[in-house]
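Before any comments, here is the structure.
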Amino acid sequence: MVFSLAGKKVWVAGHRGMVGGAVTSRLRSENCNVITATHAELDLTRQKDVEDWMAAHKPDVVVVAAAVVGGILANDSRPVDFLNQNLLIQSNIISNAHAIGVERLLFLGSSCIYPRLAPQPITEDSLLTGPLEPTNQWYAIAKIAGVKLCQAYRRQYGRDYISAMPTNLYGPGDNFDLTSSHVLPALLVKAHRGKVAGASSIELWGSGKPLREFLYVEDLAEACVFLLKSYSHDEPINVGFGADVTIRELAETIASVTGFQGGFTFDATKPDGTPRKLMNSGRINALGWKATTNLRDGISKTYAWYKANHGAG
Ligand code: GFB
């Protein structure tokens, strides 16, 4: 399957986020017309506003990168936001895409849609084969509904709407707020501040033992463009780096990149979450996409961006 983006009007919903920003930048090197809307211009949770905006702007292609996202604690403590807002956003965009005849739509999900104890590395067909991780079940249910909505439009109306499931992402434009961020940006901030303060240790949540797979966001953006051009299937497709590390190993790499020389303490009152969620990315690899940024290089680039954009941090 080869879909050409040339001359197409492509709407990236969520362009202010880390993923949407990277996808927007990557699409600018394609011969297409990228359109975006700020939150002030368009509230994606309001059905009528989305309907009017999409009818007025008539994109040919849509990338759904808009979502309420966050780390393990944000997911666990704001279940309404993660479930309800994500359901509203994706449902408004996908249903109106069909209403105005959008040809191609890419919905972005997350590896947390898979069962907590799915066999590793996780293949796409393990979806809905077991219980979800409780800390992010709200987000996972919303994302599963998004995958199903794309499948439903494909089945009932023949729409070429696809879903990609990225592993844990990081990079420039990430959220560095310690209460709501994911682990990688959180540990970058903690290590940076620890180095500046000459601290003897920094605190990690949980045991440090869970394994996570991290993908640099520019690699994901490359994958999104690749999939828009070449993937047409009702099954979601995994987009991973191909290897995972323990949270402790991640902290050690971050300490080495930032120059933090102290040790680590562990806050056992905070959750570990899923013990492991390494994706099997064999399908997208076989089609011709592979991650190219190794973890250390990606962390270095992210740290440079953090220092440039968050000043003294
Ligand atoms: O990245 P993270 O918040 O989310 O946490 P998940 C990953 C692991 O890092 C957990 C540990 O075991 C955390 O306890 N960790 C250690 C920390 N120190 C810290 C810290 O300072 N901050 C944070 N945030 N974690 C999310 C889901 O799960 O992954 C989302 O909740 C989504 O829904 C996302 O799927 C990709 O990897 O556990």
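The values are calculated or read from the model by the stated rules, or taken from the named source; none is laboratory data. Note that the structure is a prediction, hence the values are computed from the model and not measured. We place every Cβ from the backbone using ideal geometry, glycine too, and count neighbours over all the protein chains shown. Ligands, DNA and RNA are stripped out before the accessible areas are found, and what is left, the full protein with its side chains, is counted by its heavy atoms. Shrake-Rupley method; radii C 1.70, N 1.55, O 1.52, S 1.80 Å.
Miscellaneous remarks
- Protein accessible area in region 184-297, 1.4 Å probe - carbon and sulfur %: 50 percent
- Here, region 156-260 is characterised by an Rg to Rh ratio of 1.10, where Rg is the alpha-carbon radius of gyration and Rh the Kirkwood radius.
- Listed residue (199, 260, 115) projecting farthest to the positive dipole end of the chain, Cβ model: 260
- At the listed q of 0.12, 0.13, 0.18, 0.23 Å⁻¹, the Debye profile of region 1-62, built from one uniform point per Cα, gives log10 I(q)/I(0) equal to -0.30, -0.36, -0.66, -0.98.
- Surface share of carbon and sulfur [accessible, 1.4 angstrom probe, percent] for region 1-140: 53 percent
- With eigenvalues of the C-alpha gyration tensor scaled by 5 and rooted, region 144-186, Å: 33, 10, 8
- Those lysines that a straight Cα-Cα span of less than 27 Å connects to residue 270, excepting residues fewer than 8 apart in one chain: 143, 190, 195, 209
- Based on protein heavy atoms only, the chain ends up with 42 Å² per residue of surface accessible to a 1.4 Å probe.
- Kirkwood analysis of the Cα pair distances in region 79-122 returns a hydrodynamic radius of 12.7 Å.
- From the C-alpha gyration tensor of region 233-274, square roots of 5λ in Å: 30, 17, 7
- Shown here are the Rg and Dmax of the Cα trace of the chain, at 19.1, 61 Å.
- Only Cα pairs under 8 Å and 6+ residues apart enter the sum, and on that basis the relative contact order of region 1-143 stands at 24 percent.
- Rg(Cα)/(2.2 N^0.38 Å) for region 97-201, N = residue count: 1.42
- Area projected by the alpha carbon convex hull of region 1-147, averaged over all directions, nm²: 9.6 nm²
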